Every structure is written in C-alpha cells, then in structure tokens.
Amino acid sequence: MSIEFLSFQDMAKNQNENKGVFARFYDKSVKTGNIRKNGLPEFENKLYVEIRIKDERDVFDQPATKEHINRFVGEYNRYLSEKKEIGSGTPLNNFAFLSAEQIESCKFRNIFSVEALAALDDEKAKELDLNMEKKLAADFLKASKNNQVIFENMKKERKYLEEIRALKEEIERLKTNAGK
C-alpha cells in the first residue's frame, strides 16, 4: 500500500476523534542556547505542531510530541511526504508562477514540489484539475535546464578569469625578479 493510501486511512480513522480540530506539523528553527566560536547563536530545527479548533481564534503552536504524532497521524504523514518530496525537488512555495490558492490546492493533493507537479501524467492532472499548473511547472523546468548550462559556463568563466589573473601576477613577479 502506498503512503498516500495509508495516510488517507489514518485520517479517516481519526476524523471522528479530531472532529473540528486541525493540526499542521512543520519545522521551526529555534535557538539552542549555545554560542558559536564567531559569537553568533546556534540554531537547530525542531518539529512543531500548530493546532486550531473550529470556530476558535486561538492557535496552539508548540513543539510536537509523540502524543501529537499519534493523535494526528494523517497530518504527520502529510508532513513526512512533503519533507521527502521537497528534499528531492523545488518547493512549490518557491515557484513564482503559482498563486497561494494553487499552491495549497497542490499540497492538498499531496504534490509538494515543482518536479512532482510537472511529472503528473496528463490524465491524473486532468482528474485533479491541475492541467494549467502542470504546464507551468513543465515549462519552468524546461527553461531551468537551459539556465543550468548558463550557470555552469559562468562558473567555468570565473575559473578561467581567476587563472588569468594568477598568471598575470606570476608574469609581473617574474619581470620584477628578472630586473633585479
């Protein structure tokens, strides 16, 4: 069984228990209390959970515990899916061609990266009503490939310019030493 199906099963099982309660797991950077050698504070990522209750204004934002993970299994699995997918691709939040609404729609459908969006087969994109978003992502990735070649050439050019500068300095040094 896929993670998506297991997540769906867990959400359905816990839906009655958590009726009107919504959770979102995320990573938060927090100070460790340690200071680095350069005098700057040290940070680390911690798993946090944001809990909202229907018709309430309060938001409970706190470090996630095993109890939170066990209570909100579906939401935690969504967090893990997003983290795994983003680790191997470009996060949708960094994709300027999608609106916040389109990004949330993709995330709701367990699509978290530009690469995953572009890789949807046409039938699945049509089924999820993501045809336009899929095309934008595919066009972006196609253009990005060309940019990668440009960036690699820029790196080579910088390397060559640095070598030329070093050689010119060596020539000047040799001229100075020859004149003595």
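The figures follow:
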quantity: Residues within the range 34-48 that are among the aliphatic types (A, V, I, L, M) and surrounded by 10 or more Cβ atoms within 10 Å (Cβ to Cβ), tallied; calculated: 2
quantity: Flag if K84 is in contact with a Leu (Cβ under 9 Å, 6 or more places away or on another chain), surrounded by fewer than 17 Cβ atoms within 10 Å (Cβ to Cβ) and assigned to a helix (DSSP H, G or I); calculated: no
quantity: First in the range 111-127 and within 20 Å of A143 (Cα to Cα), second anywhere and part of a loop (DSSP other than H, G, I, E, B) and of a type in the set (G, A, S), Cβ under 6 Å, 6 or more apart; calculated: S113/G89; E115/G89
quantity: Flag if L117 is part of a loop (DSSP other than H, G, I, E, B) and surrounded by 12 or more Cβ atoms within 10 Å (Cβ to Cβ); calculated: no
quantity: Top-ranked residue in the range 52-74 [being in contact with a helix residue (DSSP H, G or I) (Cβ under 6 Å, 6 or more places away or on another chain) and either surrounded by fewer than 17 Cβ atoms within 10 Å (Cβ to Cβ) or hydrophobic (A, V, I, L, M, F, W, C) (or both); ranked as nearest to K28 (Cα to Cα)]; calculated: I69
quantity: E170 being acidic (D, E) and over 30 Å from K28 (Cα atoms); calculated: yes
quantity: Subset of the range 2-37 [modelled with pLDDT of 85 or more and outside any strand (DSSP E or B)]; calculated: none
quantity: Residue within the range 138-147 that is surrounded by 10 or more Cβ atoms within 10 Å (Cβ to Cβ) and outside any helix (DSSP H, G or I) present; calculated: no
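The values are calculated or read from the model by the stated rules, or taken from the named source; none is laboratory data. What you see is a predicted model; the values in this text were computed from it and never measured. Every residue, glycine as well, gets a Cβ built from its backbone with ideal geometry; the counts of neighbours run over all protein chains shown.
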